[in-house]
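Chemist: Once you've had a glance at the structure underneath, I'll fire off some questions.
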Amino acid sequence: MAKQNETVLSVRNLEKTIGGNKLIHNLSFDVRAGEVFGFLGPNGAGKTTTIRMLVGLIKPTGGTVQIGGHDLQRDFVNAMREVGCIVENPELYKFLTGRENLQQFARMSDGISNERIDEVIRLVGLENRIHDKVKTYSLGMRQRLGIAQALLGKPKLLILDEPTNGLDPGGIRELREFVRTLAEHEGVGVFISSHLLSEIEMMCDRVAILHQGRCLYEGSVSELIANQQGEYVWRAEPAEKAFDLLREHPDVRGVLLDQAAIRCQTAPERVPDINKYLVDSGIKVFSLMQATPSLEDLFLEMTGGDRIA
Amino acid sequence: MTGLRKFVHLVENETIKLVKRRRFTLVMVLLLAMVSLFAYAQQLTQARMLQRVGTLDWKPVLQQQIADYESRMKNVYVPDERKRYYQFKIEQARYYLNKNIDPAAPGTSTFVRTFMDLSASLLLPLLVVTLSADLVSNEWSEGTIKLLLTRPVKRWKILAAKYAALMMFVTLTILSAFLAAAAVGGLFFGWTGWTMPVASGFSVVGGQLDASTAVMIPQWQYILRAYGLGWAVSVTIATLTFTLSIMVRHAAAAMGIMLAALIGGNILIDLAGDWTAAKYLFMVNLRITGYLSGMAPPIEGMSLPFSLTVLAVWALAALIAGFAAFTKRDVLA
């Protein structure tokens with residue numbers, strides 16, 4: 001078990017150019033033991049390219065990746081001992097049984113006993129079907145088997161690429177609980193990518209937001225939301241007049257009239273003065289609220305409104 | 001030692017995958033079917049010969065063959081190449097008559113010998129292509145390459161394990177070819193002939209057969225050499241196909257390229273008598289057992305050491321290219 005706050009994945013100035021196109025620009029972030037790190041971005045942002053560089057499937061054209069303190073380029077074998085991963089779909093050998101698949105991967109690592117194989121099978125709840133060929137498995141079962149192979153070597157870092165793809169809502173909730181348990185009780189650092197924020201914002205401690213190969217934000221989910229709390233909603237009458245007054249106010253931006261509610265952005269310390277100004281101008285203020293944006297809204301805002309689902 | 005143990009584990013993995021994909025089963029079924037067909041055809045030919053010559057005594061049969069070749073040589077439309085080949089066969093037949101050896105004495109061991117002569121240049125290479133055409137590319141097409149290459153194992157070791165497993169199965173294929181031919185041949189022609197003397201070591205000087213270097217060896221020794229050469233051909237073809245399965249993403253494309261090369265090579269041998277540079281192509285060097293029985297080499301200047309060298313160079317170059325590509329390539333799809 002990794003120590004808390006130990007950095008299990010450290011990415012510095014990672015870059016990838018393919019055929020003259022720079023796909024990834026100067027990417028840096030850390031994942032610590034025991035935390036769930038969300039890697040977010042719309043389709044085509046470069047998430048998959050980045051993940052493949054993290055596990056040695058693609059060679060970076062610049063920068064370094066360190067896993068558990070081992071440099072991936074210079075010490076591939078030791079770095080990969082610390083990682084379990086599923087890159088995109090869990091594509092396993094369909095002509096082998098679930099257990100035979102796990103045995104294949106166990107033989108490729110050191111010191112994975114039959115007991116460990118049985119243990120991960122129980123952990124993902126596949127005991128009943130483990131002796132059936134994988135081609136008879138449902139997508140959810142393949143996903144479980146994929147997680148089982150990722151956990152075989154007791155990794156410090158678990159990398160899951162779009163793990164919620166093709167899962168039903170129940171499966172997603174199950175995965176969420178499973179991931180939280182791994183991080184909190186086993187101290188595993190989990191790196192999880194998604195283009196669907198709503199599905200993973202609840203399980204992540206920190207996130208990085210990727211757009212067009214650049215990192216737009218890296219930090220905790222709560223800070224991200226707190227930083228952006230500059231949106232307020234007034235319910236006032238007459239609404240038209242209040243709308244005009246706010247629009248003309250020099251400290252207020254982005255004023256929107258939405259039926260009886262007026263949404264606008266301003267700095268928190270200016271709110272009392274602006275409210276006084278409205279009241280002094282003869283507006284009846286019924287309520288004043290701070291709007292809490294969802295991560296999804298922020299994300300849309302940051303990525304320039306790209307469709308994300 | 002742990003490094004070696006780990007490598008054995010990797011080879012074990014590849015062996016399991018190869019067996020469970022039922023590739024080897026397919027090769028075995030094909031082999032048995034072809035051996036049975038050959039045996040049946042051989043038996044039919046003998047029956048026809050009996051009808052035509054009126055005896056199975058080998059001397060009249062051989063004399064009849066000499067007469068056949070001589071009459072064919074009188075045909076003005078036969079090209080000089082062919083005529084040289086007929087002349088060659090005639091001299092060989094005369095050598096057997098003089099030494100009182102039946103070159104086609106019936107019995108399973110003669111069948112085993114003939115089978116390798118017939119299949120070394122096309123049938124066995126095709127079977128080996130079946131084993132290896134998708135050995136690497138299927139990991140790509142099934143997406144399992146992402147699991148395979150994210151283990152704590154260097155890429156070249158994974159590829160080396162695949163290659164080692166392939167070599168094991170190529171060797172098994174040659175062994176099985178021998179056993180199948182011996183068993184089926186035994187049922188059709190009887191179980192004898194292993195110690196019968198056979199002439200080998202003919203040399204060719206300026207297109208003429210030189211029998212002075214020929215020696216008598218027991219047939220089992222001859223068979224051992226022939227199957228060894230068949231193994232060398234199969235290993236070369238397997239290695240080339242293995243590299244193709246790394247370079248080419250689709251098994252069908254790899255299969256098509258090898259088929260074209262093998263069949264094209266067999267056609268080229270008959271066409272390229274004057275194009276001497278063709279002797280450096282691997283596919284015209286596959287009728288390698290012909291050097292043992294004293295067949296005229298397809299192109300002037302070819303010999304057993306020459307052909308073995310050409311095959312080895314091709315295989316080695318392919319292997320180096322394959323490893324270089326596999327260890328460097330980005331897994332994008």
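The values are calculated or read from the model by the stated rules, or taken from the named source; none is laboratory data. What you see is a predicted model, and the numbers here were worked out from it, not measured in a lab. Reconstructed Cβ throughout: ideal geometry from the backbone, glycine too, with neighbour counts over all protein chains shown. Note: areas computed on protein heavy atoms with side chains; ligands, DNA, RNA excluded. Shrake-Rupley method; radii C 1.70, N 1.55, O 1.52, S 1.80 Å.
Chemist: At a 1.4 Å probe radius, which order do A:Tyr277, A:Tyr93 fall into by accessible area, largest first?
Modeler: Result of the area sort, largest leading: A:Tyr277, A:Tyr93.
Chemist: Enter the mean projected area of the convex hull around the alpha-carbon atoms of chain A, in nm², rounded to one decimal.
Modeler: Directional mean of the projected Cα hull area for chain A stands at 19.5 nm².
Chemist: Find out how many positive minus negative residues lie around B:Ile145, taking Lys and Arg as positive, Asp and Glu as negative, among other residues whose Cβ is under 12 Å from that of B:Ile145.
Modeler: +2
Chemist: To continue, here is another question. Sequence gap at least 6, Cα distance under 8 Å: using those rules, report the relative contact order of chain B to the nearest whole percent.
Modeler: Relative contact order, chain B: 23 percent.
Chemist: Applying the Karplus parametrisation 6.51 cos²θ - 1.76 cosθ + 1.60 with θ = phi - 60° to the phi angles of the stretch A:134-142, what ³J(HN,Hα) value in whole Hz is obtained for each residue in order, glycine and proline being reported as x?
Modeler: In residue order, the calculated couplings are 5, 5, 8, 7, 7, 4, x, 5, 5 Hz.
Chemist: Any chance you could check the Cα centroid distance between the stretch A:189-257 and the stretch A:18-70 for me, in angstrom?
Modeler: For the stretch A:189-257 versus the stretch A:18-70, the Cα centre distance is 25 Å.
Chemist: I need the trypsin sites (Lys or Arg not before Pro) found in the stretch B:1-108, filtered to DSSP loop residues with at most 15 other beta carbons within 10 Å of theirs.
Modeler: For trypsin sites (Lys or Arg not before Pro) across the stretch B:1-108 that sit outside H, G, I, E and B with at most 15 neighbouring Cβ atoms in 10 Å, the list reads B:Arg22, B:Lys74.
Chemist: Which value, in Å² rounded to 10, gives the accessible area of A:Glu269 with a 1.4 Å probe and all protein chains present?
Modeler: 130 Å²
Chemist: May I pose another question? For the protein assembly as shown, what is the charge dipole size about the Cα centre, in debye to the nearest 20, if Lys and Arg each add +1 at the Cβ and Asp and Glu each add -1 at the Cβ?
Modeler: Charge dipole, the protein assembly as shown, about its Cα centre: 2580 debye, nearest 20.
Chemist: Please list, or write none, the lysines whose alpha carbon is within less than 28 Å of the alpha carbon of A:Lys22, excluding same-chain residues fewer than 8 places away.
Modeler: Straight-distance partners of A:Lys22: A:Lys47, A:Lys59, B:Lys146, B:Lys154, B:Lys328.
Chemist: Out of the total accessible area of chain A (probe 1.4 Å, heavy atoms of protein only), what percent is carbon and sulfur?
Modeler: Solvent-exposed carbon and sulfur of chain A make up 46 percent of the total.
Chemist: Could you tell me which residue out of B:Tyr69, B:Pro125, B:Thr114 lies farthest along the dipole of the stretch B:40-165 toward its positive end? Charges go on the beta carbon: Lys and Arg +1, Asp and Glu -1, centred on the Cα centre.
Modeler: The residue sitting most towards the positive pole is B:Pro125.
Chemist: Continuing with this model, one more query. If you take the charge dipole of the protein assembly as shown about its Cα centre, with +1 on Lys and Arg Cβ and -1 on Asp and Glu Cβ, which of B:Gln219, A:Pro268, A:Cys85 is farthest toward its positive end?
Modeler: It is B:Gln219.
Chemist: Accessible area per residue, 1.4 Å probe, Å², for the stretch B:121-246: what's the number?
Modeler: The answer is 32 Å² per residue.
Chemist: Restricting attention to the alpha-carbon atoms of the stretch B:118-199, what are Rg (one decimal) and Dmax (integer), both in Å?
Modeler: So, for the stretch B:118-199, Rg and Dmax equal 18.9, 57 Å respectively.
Chemist: On to the next question. B plus A alone minus the pair: what accessible area, both sides summed, probe 1.4 Å, in Å² to 100?
Modeler: 2900 Å²
Chemist: Work from the charge dipole of chain A (Cβ charges, +1 for Lys and Arg, -1 for Asp and Glu, about the Cα centre) and give the residue of A:Leu96, A:Gln290, A:Tyr217 farthest towards its positive end.
Modeler: Looking along the dipole axis, the top candidate is A:Leu96.
Chemist: With +1 on the Cβ of every Lys and Arg and -1 on the Cβ of every Asp and Glu, and nothing else charged, how large is the dipole of chain A about its Cα centre, in debye rounded to the nearest 20?
Modeler: Here chain A has a charge dipole of around 940 debye.
Chemist: Then there is this: In whole Å, what are the Cα extents of the protein assembly as shown along the three principal axes, biggest one first?
Modeler: So the extents along the principal axes, rounded to whole Å, are 130, 55, 42.
Chemist: Which value in nm describes the separation of the simple spin-label points at A:Glu184 and A:Leu216, placed 7 Å from the Cα toward the beta carbon?
Modeler: About 3.0 nm separates the two model spin labels.
Chemist: State to the nearest 20 debye the size of the charge dipole of the stretch B:28-122 about its Cα centre, where the only charges are +1 on K and R beta carbons and -1 on D and E beta carbons.
Modeler: Using only the charged Cβ atoms, the result is roughly 180 debye.
Chemist: Pull up the DSSP beta bridges for chain A and report the antiparallel fraction as a percent, rounded to 5.
Modeler: Among the beta bridges of chain A, antiparallel pairing accounts for roughly 65 percent.
Chemist: Under the definition of partner shielding as Cβ atoms of other protein chains within 10 Å of a residue Cβ, what is the mean value for peptide B:150-160?
Modeler: Rounded to a whole number, the mean comes out at 5.
Chemist: Using the Kirkwood radius built from alpha carbon pairs, what does the Stokes-Einstein equation give as D for chain B at 4 °C and 1.567 mPa s, in µm² per second?
Modeler: Roughly 60 µm²/s, to the nearest whole number.
Chemist: Over chain B, what percent of the accessible surface lies on carbon and sulfur atoms, probe 1.4 Å?
Modeler: Exposed carbon and sulfur together represent 66 percent of the surface.
Chemist: Enter the accessible area of A:Arg122 (Å², nearest 10), with the probe set to 1.4 Å and all protein chains included.
Modeler: Surface open to solvent at A:Arg122 totals about 140 Å².
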